[in-house]
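> The structure is given below, and queries will be raised subsequently.
The values are calculated or read from the model by the stated rules, or taken from the named source; none is laboratory data. Computed from a predicted model, the values in this text were never measured in an experiment. Cβ placement follows ideal geometry from the backbone for every residue including glycine, while neighbour counts extend to all protein chains displayed.
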Amino acid sequence: MKTIISLLVVLSLVTACSASGNNGFTAKKQLPTELVNINTADTTALMTLPGIGSVLANRIVDYRSLYGDFETIDDLMKVKGIKQAKFDKIRIWITVSPN
């Protein structure tokens, strides 16, 4: 009886993973192949940065639209949701230059 219950639990987990389409694994994010200019990058380019998903990418673009270009990469921390720890993870991947 325990074997049958264990088998049913495993089967339900496999079915749930298959239904989600990712087989229980999440894809690793592809890191940028070159520096990302935070003054010109679109949301797709920004999302290649570690820890930057669609919400933060949109916030960066919105911030830029409201306040203009970032003068330094450190200005990125003015965007809601980007604190020192997240910034430290992406600083080697970003640059600024005039738009």
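> If you take the residues in the stretch 28-47 that are modelled with pLDDT of 95 or more and not hydrophobic (A, V, I, L, M, F, W, C), which one is surrounded by the most Cβ atoms within 10 Å (Cβ to Cβ)?
Only one residue fits best here, namely Asn39.
> Of everything in the stretch 88-99, what is free of Cβ contacts under 8 Å to residues at least 24 places away in the same chain and not aliphatic (A, V, I, L, M)? Give them in sequence order.
Scanning the stretch 88-99 gives Asp88, Arg91.
Residues checked against (1) outside any helix (DSSP H, G or I); (2) crowded, with 16+ Cβ neighbours inside 10 Å; (3) of a type in the set (A, V, I, L, M):
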{"site": "Ile60", "(1), (2), (3)": "no, yes, yes"}
{"site": "Leu66", "(1), (2), (3)": "no, no, yes"}
{"site": "Asp74", "(1), (2), (3)": "no, no, no"}
{"site": "Lys80", "(1), (2), (3)": "yes, no, no"}
{"site": "Lys86", "(1), (2), (3)": "no, yes, no"}
{"site": "Ile92", "(1), (2), (3)": "no, no, yes"}
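> Output the residue which, of all residues in the stretch 58-87 that are hydroxyl-bearing (Ser, Thr, Tyr) and touching a residue at least 12 places away in the same chain (Cβ under 8 Å), is farthest from Thr44 (Cα to Cα).
Thr72
> Mind listing whichever residues of the stretch 45-87 are more than 14 Å from the chain's Cα centre (by Cα) and either of a type in the set (Asp, Glu) or under 15 Å from Leu31 (Cα atoms) (or both)?
Within the stretch 45-87, Asp62, Asp69, Glu71, Asp74, Asp75 meet the criteria.
> May I pose another question? Which members of the stretch 37-47 meet the condition of being touching a strand residue (DSSP E or B) at 6+ places or on another chain (Cβ under 9 Å) and touching a residue at least 40 places away in the same chain (Cβ under 8 Å)?
Correct list: Asn37, Ile38, Asn39.
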